[in-house]
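Trainee: Please read through the structure below; I'll follow up with questions.
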There are 2 protein chains.
Amino acid sequence: MGKHPTADASQQTALGSDELQLIDAWWRACNYLSVGMIYLLDNPLLREPLKAEHVKYRLLGHWGASPALSFVWAHLNRVIKRDDLDVIYMAGPGHGAPGVLGPAYLEGTYSEIYPDKSEDAEGMQKFFKQFSFPGHIGSHVTPETPGSIHEGGELGYSLSHAYGAALDNPDLIVACVVGDGEAETGPLATAWHSNKFINPARDGTVLPILNLNGYKIANPTILSRISSEELEALFVGYGYKPYFVEGSDHAEMHQKMARTLDVILADIRAIHEQARVNGSTERPRWPMIVLRTPKGWSGPKEINGHKVEGSWRSHQVPFADVRNNSANLEVLEQWMRSYRPDELFDADGRLIPELKALSPEGARRMSANLHANGGVLRRELKLPDFRAYAVDVHHAGQVLQENTRPLGEFLRDTMRANMSTFRVFGPDETASNRLQSIYEVSKKVWMADMLPEDEDGGELARDGRVMEMLSEHTLMGWLEGYLLSGRHGFFHTYEAFAHVVDSMFNQHAKWLDISRNHVRWRASVAAENILLSSTVWRQDHNGFSHQDPGFIDLATNKSPSVTRVYLPPDANTLLVVADHCLRTTDCINVIVADKQKHLQFTTIDEAVVHCAKGIGVWRRASNDEDDEPDVVMASCGDVATQEALAATAILRERLPELKLRFVNVVDLFRMQPASEHPHGSTEREFDSLFTTDKPVIFNFHGYPWLIHKLAYRFRNHENLHVRGYKEKGNINTPLELAILNQVDRFNLVIDVLDRVPRLQGRTAHLREDMKNAIIGNLNYAHTHGTDRAEVADWVWPF
Amino acid sequence: MGKHPTADASQQTALGSDELQLIDAWWRACNYLSVGMIYLLDNPLLREPLKAEHVKYRLLGHWGASPALSFVWAHLNRVIKRDDLDVIYMAGPGHGAPGVLGPAYLEGTYSEIYPDKSEDAEGMQKFFKQFSFPGHIGSHVTPETPGSIHEGGELGYSLSHAYGAALDNPDLIVACVVGDGEAETGPLATAWHSNKFINPARDGTVLPILNLNGYKIANPTILSRISSEELEALFVGYGYKPYFVEGSDHAEMHQKMARTLDVILADIRAIHEQARVNGSTERPRWPMIVLRTPKGWSGPKEINGHKVEGSWRSHQVPFADVRNNSANLEVLEQWMRSYRPDELFDADGRLIPELKALSPEGARRMSANLHANGGVLRRELKLPDFRAYAVDVHHAGQVLQENTRPLGEFLRDTMRANMSTFRVFGPDETASNRLQSIYEVSKKVWMADMLPEDEDGGELARDGRVMEMLSEHTLMGWLEGYLLSGRHGFFHTYEAFAHVVDSMFNQHAKWLDISRNHVRWRASVAAENILLSSTVWRQDHNGFSHQDPGFIDLATNKSPSVTRVYLPPDANTLLVVADHCLRTTDCINVIVADKQKHLQFTTIDEAVVHCAKGIGVWRRASNDEDDEPDVVMASCGDVATQEALAATAILRERLPELKLRFVNVVDLFRMQPASEHPHGSTEREFDSLFTTDKPVIFNFHGYPWLIHKLAYRFRNHENLHVRGYKEKGNINTPLELAILNQVDRFNLVIDVLDRVPRLQGRTAHLREDMKNAIIGNLNYAHTHGTDRAEVADWVWPF
């Protein structure tokens, strides 16, 4: 392995001495603000000697990552201003907010958005006080932070977010500082491979800046403790051209960083020229920076004989006992004064004009870049008329169709109409989930090597818009970055493996909750649409590990203002739901729909009406004729609905006098009270569907207790009997799996017999038949490896 | 980047021509079995011409990954036998079971365990039929598969499982085949760094074998489509010495693989000698293999003009329509006969002796290695007496203690007594979670570079037994590998970020469920113990992103036979719970306990009694004196308990005539009926605690609806009023966060006033005081940044 590629270049001088002084001063101002945020309650400009009462009662916040974040920001500003670049900033290191808040304040953006944090002493005092202060802002780059689309509270997603933002933004540079702690996470470790999915002719640039400050909370980081040969090889292996900027001397590091950025910008221009002028379709070797700086850089070198700068001791508050310890108070004052605030801020506390002039202007400021408040750039999707893709259901329950296939056609034409603002994301499963019609308009993007045989059905293209990689984390990160920068997307995955991104779902829901409900200046972003397909009930050869419908349980724990869950029973309802979801903003829509062939129940017109209500009686499946029924049969989910309908068919044939009402639920939150969720049902609505005292057999797609969790407040809850998946399964035919979990037609009939008092004693024969049917079908499955045709090909007789 | 390091070596001849013939024949037998499993219902040895009725009705299973898996197995057998090695096998590629089942059958292990799958034609027929057949085994390396501790149903964990199994097993080699699809996942991408935590003096060897077969389900893989320079650099960067075995010609590849394995074994011996004889403490550059072979290797080259071998078309069943298509039937027969079964199996269908002789014997067979049925090697932990670590609680509710700190001391001495069979795992948070006493006995293992300053509080050591890396995935994978190979462990993490490993929890629970309930020959393994600390209620400076108590919701969806959830209210109950959990097997124990200072309520004797019941009345907090109370106040969780007790204190002071019963829940599943969970309560137990008709105010640590989900079947459920976390939070003082979610003492008092009919109309003053207390405390928090001393330092007055 050779020397670092820029070892020589970085020693050259890029900054004149004035420029160097200014950029260093701007950085000092940032660092001053970072320390002020963590420590000061008052006396923000140190215009009087620091006293105990100027210091916060409780010292919270994180110093360690901040100086390097501001350092990068300062240097990016230089080139943004010089070259009129369009750059957004992604702060990966945990608790990095001070390093971003400081620049946002110096650039004036913060005061524009929050006028009480004005650019003067009074505003600075408030700016300091609010940080990590109850009722105010935290130490992550939360939605309240202008210029941020990446909170970084949970680590690992900065780089995939950055790549998502760069897609289809050809002139945008996303500068992404990756923390070396974060770099140990799995999601981050694989996100480096995102460069195989970026087309330089069409997409923007991600400039990763790995900040090796050496420490996490209490440990060194792996990447800071391997040889420079290994480190360089790793990033060459990931497909980058790494530039090393390493050191601690301020002046020297300014020169190295400036020079390196100049070289890198030339690299990027050359890559763009190759792709955009010369038409090259090869994957370039994108530049990146390894920035090795001390943790807590520019902070106290040592306290009480312990190393602080360049140590894990700088991670949070480097020294805490300040109000009661005058020695520490003095250390703090000396530290803050080492930044020479009087040279940085004028008499009023405003950044001096020479430094102010270093920031770009208006939306060129990274803190005010519109891509980081993507809602303002968002244009509504041009959606084709979903009716054009409808399955023709001339008779309910007799046509078979893969539920997701028409959706694929709808998504295909959605893509066609929005060729630079819409993408589809899935882990190697677009075809498996029967969405492959999309390829007619756009294939899978692939910038890695191509082989001649890819021509034969590979569906790969340099300019594809379907994103497939076997990493749910990376896909979800790309999608989030794409949405938060103002575009639209659709993610689909195997239901069981959606749990891989549970925590990303949680964090995105929290981001949306705060943005929507507490941060007025953030414009609405497109909904995150998640299709869960290849569901629990059809894992005939994948078995137990592929059976988990619990992702929707997760969704019910997050803020009702941002969570939506739909379980369309057939292809047409899926179309209606998808059309709706693609129009929504500031929420996460989870849609559960299987890819296999299923009976079709609703015409497209019926689907529109049914989905608009989200829950409703299916009259053709009911025979209670608006009278009070003996029993309500309810269903939610495609397979659950089919089995419930089959049960009602048996009941109506064998017990014609039984008054049955059939209710189907598409919008899961209709099962909650309206007081709990905006899609909830009023008591009156709920009672009118489910009665107040009749038995309700509810056949559910997911874990049965989820329905109880939602509906427990309703009056007839005690008569609600829910069937669903109970972790009983292995390699099973569809019917066998249903039987094991008692969501099959035969067990549902028995459930009704058990719960309708007036039937008791008169139904022994039917009950016996059902038991025999169960045994007979299980035997058949175990002998033949398939279900009996009479079940597999069952159609609805009404 | 130079040439591949073994480019020359691999061209040498390692196998004599007889040996080559035999190893190839053994591999052909494996491939024959793989194809047979996928296609054949009968005529297993092709002793008669293949007819449609010999073929399965429904063709399920995956061919693509299998040949390379068996290829590796065959070659490992050669060196195991020659050098008497102790090797287990980890199959990472998805759906790789045929490639592992075949060898297990040829080695005789399969027939030993499942006598009906005997080593003859009849047994082989059953062996074929059962594969991917309803009610039988799947296409993953499930618990039913001898030699497996890694199912691979969900991808990404093979390498961390492998490293976990190698820890503290100095003579073990874990051969881990990593699929190139799987290699794209985040967890796998960072697991390569596990080599920084393996000490060659003490731990075993992981031999990663990256199988580049080029394709996933329908896409090429990233690592197969980058230049060989990048590929080599990547693994050099990860710290390995990569050996490349690339090709498709069978004879040539046998020679290359054999030669490469010989070189690698020499490398491993040299590493061991350096560490074990010469005492080197440097991290070695461990060898690994990049095995580039065609997907579906040895299968049909082409079908209907489309490439099959070496293409994604080989992923599952290469051609499906066989029963009704005589051309395909012929292709199948030719394909199977290409392996020359008559040369491999004798007249009875038994592998011929010359081939049989290639397998190692007894427990040296990878399919019978005891480490892969780790329960048989497991010895019970030697546990110190937990009473020795108890907090002295002379008066309940007046001592403050960090709840997890005594646990740290208990774990320290547990480690001391089990220095080769117990490890603690956490993402850079052992000290943060107050478990740092462990370092007195064993520090954090660190094989990456050390610096002089690490001496000052770094707590790092080459032979440490505390595993810290900022990757929950890797830690959990290590732990699972460690447990399944027969050892014991303890994992702790921030509560909110446990969701990062939700899907790993699900998969491990499924593994345990099947192992425990369906696979009799698997011996019991130690429980997976998960401590969730740094909980939702104490995120004063971390904010909203760190608030998520939903991991326990996840746990309640998995099989009751393997899930346990405990919420000890104080340090002594935590000790009792931890002691219990460390003694359990075949389950996952989730323990929720915060690290901050909390009031201590139970003496160690009381804790023993209380935890044994899992739920119970706290008499000193109650004044109903075994009479029927007016109201039941219940709590579950440390902070929840403190606030509930504070509420009862207010009520008893202000309304002495109110009859209160205080119930505390440690074992969450006590809130479920006994019919649903082995730890559940009978109706009588539940009613005797919660009454059948009195209001119950339940103050819960987690999402409130979880309690409804568990308890909805009980009689008094309709009077159960649960408070818990409702996604309301940001930067808040402890009391402020409690108030926002209404789990604070003041709101709980109001809850009681609202629900006890006989109080109504007489309590306006108290209600007003509570409202004022809420407003006053919020104002104080927002002014001072802390809670009022009277709340923060509150002690229990009874």
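Trainee: Please give the FRET efficiency for A:Glu455 paired with B:Ser17, using the beta carbon to beta carbon distance and R0 = 41 Å, rounded to the nearest 0.05.
Mentor: 0.50
Trainee: Taking the Cα atoms only, what angle lies between the long axis of helix A:745-755 and the longest principal axis of chain A, rounded to 10 degrees?
Mentor: Approximately 80 degrees, to the nearest 10.
Trainee: Using 17 Å as the cut-off for backbone N distance, which residues of the range B:369-394 belong to the label zone defined by a point 7 Å from the Cα of B:Lys597 along Cα→Cβ?
Mentor: Label zone hits: B:391-394.
Trainee: Can I ask one more? Once fully extended, how much extra length lies between A:Asp116 and A:Gln436, figured as 0.36 nm per residue of separation less the alpha-carbon to alpha-carbon distance?
Mentor: 109.9 nm
Trainee: Which order do A:Glu119, B:Glu354 fall in if you start with the one that has the fewest other Cβ atoms within 10 Å?
Mentor: B:Glu354, A:Glu119
Trainee: If you rank B:Lys659, B:Lys709, A:Lys443, B:Lys216 by fewest surrounding Cβ atoms within 10 Å, what's the result?
Mentor: Fewest to most other Cβ atoms nearby, the residues stand as B:Lys659, A:Lys443, B:Lys709, B:Lys216.
Trainee: Still on this model: With labels modelled as points extended 7 Å from the Cα through the Cβ direction, what inter-label distance (nm, one decimal) is found for B:Ser227 paired with B:Ala327?
Mentor: Label at B:Ser227, label at B:Ala327, 4.3 nm between them.
Trainee: Kirkwood hydrodynamic radius (Cα pairs, Å) of the range A:199-333?
Mentor: This gives a value of 17.4 Å.
Trainee: May I ask you to list the aspartates and glutamates whose Cα is less than 19 Å away from that of A:Lys56, ignoring any residue fewer than eight positions away on the same chain?
Mentor: Once the sequence-local aspartates and glutamates are set aside, what remains near A:Lys56 is A:Asp42, A:Glu48, A:Glu122, A:Asp321, A:Glu330, A:Glu333, B:Asp540, B:Glu736, B:Asp787.
Trainee: From the residues B:Ser533, B:Leu574, B:Val441, which one has its Cα farthest along the dipole of the range B:386-598 in the positive direction, the dipole being from +1 and -1 charges on Cβ of Lys/Arg and Asp/Glu about the Cα centre?
Mentor: The Cα lying farthest towards the positive end belongs to B:Leu574.
Trainee: Sort B:Val617, A:Val206 so that the residue with the fewest other Cβ atoms within 10 Å of its own Cβ comes first and the one with the most comes last.
Mentor: Fewest-to-most ranking of B:Val617, A:Val206: B:Val617, A:Val206.
Trainee: Please report, largest first and rounded to whole Å, the three semi-axes of the ellipsoid equivalent to chain B, where each semi-axis is the square root of five times an eigenvalue of the C-alpha gyration tensor.
Mentor: 57, 29, 22
Trainee: Take the Cα of A:Gln398, step 7 Å along the line toward its Cβ, and report every residue of the range A:763-798 whose backbone nitrogen sits under 11 Å from that point.
Mentor: A:795-798
Trainee: If the cut-off is 19 Å between C-alpha atoms, which lysines fall inside it for A:Lys659, apart from same-chain ones fewer than 8 positions away?
Mentor: Qualifying lysines at Cα under 19 Å: A:Lys694.
Trainee: Indicate, rounded to the nearest 5 percent, the antiparallel portion of the DSSP beta bridges found entirely in the protein assembly as shown.
Mentor: Bridges in the protein assembly as shown are about 20 percent antiparallel.
Trainee: Same structure again: Find which of A:Ala320, A:Gly614, A:Val393 sits farthest along the positive direction of the dipole of chain A, computed with +1 on the beta-carbon of Lys and Arg, -1 on that of Asp and Glu, about the Cα centre.
Mentor: My answer, from the dipole projection, is A:Ala320.
Trainee: Need one number: nm distance between label points at B:Asn304 and A:Asp463, each 7 Å from Cα along Cα→Cβ, rounded to one decimal.
Mentor: Taking the simple label geometry, B:Asn304 and A:Asp463 are separated by 3.1 nm.
Trainee: Net charge near B:Arg423: determine it from the other residues with C-beta under 9 Å of the C-beta of B:Arg423, scoring Lys and Arg +1 and Asp and Glu -1.
Mentor: +1
Trainee: Please report, in Å, the Rg and the Dmax of the protein assembly as shown, where both are computed over Cα atoms only.
Mentor: Values for the protein assembly as shown (Cα only, Rg and Dmax): 32.5, 101 Å.
Trainee: Report the charge-dipole magnitude of chain B in Debye, nearest 20, computed about the Cα centre from +1 at each Lys and Arg Cβ and -1 at each Asp and Glu Cβ.
Mentor: 780
Trainee: Given H placed on each backbone N at 1.01 Å, which residues far from B:Val399 in sequence or on other chains put an amide H within less than 5 Å of it?
Mentor: Long-range HN contacts for B:Val399: B:Gln600.
Trainee: Among A:Pro187, B:Ile198, B:Leu223, which residue has its Cα positioned farthest towards the positive end of the charge dipole of the protein assembly as shown, with +1 placed on the Cβ of Lys and Arg, -1 on the Cβ of Asp and Glu, and the dipole taken about the Cα centre?
Mentor: A:Pro187
Trainee: Hey, got a sec? Which trypsin sites (Lys or Arg not before Pro) in the range A:334-421 land in a DSSP loop and have at most 15 other Cβ atoms within 10 Å?
Mentor: Answer by residue number: A:Arg379, A:Lys382.
Trainee: Using R₀ = 25 Å, calculate the FRET efficiency as 1/(1 + (r/R₀)^6) where r is the Cβ-Cβ separation of B:Thr585 and B:Arg416; round to 0.05.
Mentor: It comes out at approximately 0.65.
Trainee: Taking a label point 7 Å from Cα toward Cβ, how far is B:Pro678 from its twins in the other copies, in nm, shortest first?
Mentor: With the label placed 7 Å along Cα→Cβ, B:Pro678 yields 4.6 nm.
Trainee: Step through the table entries B:Lys51/B:Lys129; A:Lys558/B:Lys613; A:Lys307/B:Lys444; B:Lys81/B:Lys196; B:Lys241/B:Lys356; A:Lys256/A:Lys307, compare each Cα-Cα distance with 23 Å, and write down the pairs that go over it.
Mentor: A:Lys558/B:Lys613; B:Lys81/B:Lys196; B:Lys241/B:Lys356; A:Lys256/A:Lys307
Trainee: For the pair A:Thr783 and B:Ala320, how long in nm is the line joining their label points, each one 7 Å along Cα→Cβ?
Mentor: 2.6
Trainee: Another question about this same structure. Cross-link partners among lysines for A:Lys301, C-alpha distance below 21 Å, same-chain residues fewer than 8 apart left out?
Mentor: A:Lys216
Trainee: How big is the charge dipole of the protein assembly as shown about its Cα centre, in debye rounded to the nearest 20, if each Lys and Arg gets +1 on its Cβ and each Asp and Glu gets -1 on its Cβ?
Mentor: 860
Trainee: Another question, then. Using a Förster radius of 45 Å, what is the FRET efficiency between B:Val609 and A:Arg767 based on their Cβ-Cβ separation? Nearest 0.05, please.
Mentor: 0.45
Trainee: Now a separate question. Please tell me the relative contact order of chain A in percent, rounded to the nearest whole number, where contacts are Cα pairs under 8 Å and at least six residues apart.
Mentor: It comes to 11 percent, rounded to a whole number.
Trainee: So how tilted is helix B:66-83 from the main axis of chain B? Cα-based, degrees 0 to 90, rounded to 10.
Mentor: For B:66-83 against chain B, the angle is about 80 degrees.
We did not get these values from a lab; they are worked out from the coordinates using the rules stated. All of these numbers come straight from a predicted model, not from anything done at the bench. When we count neighbours, we look across all protein chains shown, and the Cβ atoms used for this are built from the backbone with ideal geometry, even at glycine.
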